[in-house]
Amino acid sequence: MKVVIDTNIFVSALMNNGGAPRQIIRLCLLGQLAPLMGNALFNEYEDVCAREDLFAGRILSPAERDELLDAFLSCCQWTPIYYLWRPNLRDEADNHLIELAVAGGAKAIVTGNKKDFARTELLFPEVEIKTAGELLMERKF
């Protein structure tokens, strides 16, 4: 199943030992989910993972975060975006996730902030917005 993994899911997986976001990333690494990656999302992942203040006192060192990011990126399908669907979301910073999902044929965007996707101007019914827990429950992983 093709999915787009919002940055907040990846960061949550880095910051917490357990939980649904960690399981989603594990499923991606095992090849049970097929994450899509694009330029904007890649830049966002790199930026957030490099924020030392965000990860102060957390379990993973900067080198370990880089290693996990590299492993995750190795299982992602790079997806070029040729068409921007804008304006769409109230938060401009999230539009690239919808565009990536549509361009790559993703079935779901996995996010910790579903409310950010609640009021869209354009509808893409083939792309569901799910939390990590919802996707796990639905797919029975």
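Observations on the model:
- Looking across R58, R26, one residue alone is under 17 Å from R139 (Cβ atoms) and among the charged types (D, E, K, R). It is R26.
- Pick from segment 49-79, criterion under 18 Å from C28 (Cα atoms) and among the polar types (S, T, N, Q), ranking: most open to solvent (accessible area, probe 1.4 Å): S74
- Cβ-Cβ contacts under 6 Å between residues 6 or more apart (or on different chains), taken from a first residue in segment 1-12 that is more than 22 Å from E126 (Cβ to Cβ) to a second residue that is not in a loop (DSSP other than H, G, I, E, B), are listed as T7/E44; T7/Y45; T7/V48; V11/V48; S12/P21.
- Residues within segment 103-126 that are hydrophobic (A, V, I, L, M, F, W, C) and crowded, with 20+ Cβ neighbours inside 10 Å, tallied: 5
- Residues located in segment 90-102, provided they are open to solvent by less than 50 Å² (accessible area, probe 1.4 Å) and of a type in the set (G, A, S): A101
- Scope segment 21-48; condition touching a strand residue (DSSP E or B) at 6+ places or on another chain (Cβ under 9 Å), aliphatic (A, V, I, L, M) and open to solvent by 20 Å² or more (accessible area, probe 1.4 Å); matching residues: A34
- With respect to the stated conditions, N16 fails to be surrounded by fewer than 18 Cβ atoms within 10 Å (Cβ to Cβ), over 18 Å from K107 (Cβ atoms) and in contact (Cβ under 8 Å) with a residue 24 or more places away in the chain.
The values are calculated or read from the model by the stated rules, or taken from the named source; none is laboratory data. Not measured: the values here are computed from a predicted model. We place every Cβ from the backbone using ideal geometry, glycine too, and count neighbours over all the protein chains shown. Accessible surface areas use protein heavy atoms only, side chains included; no ligands, DNA or RNA. Shrake-Rupley method; radii C 1.70, N 1.55, O 1.52, S 1.80 Å.
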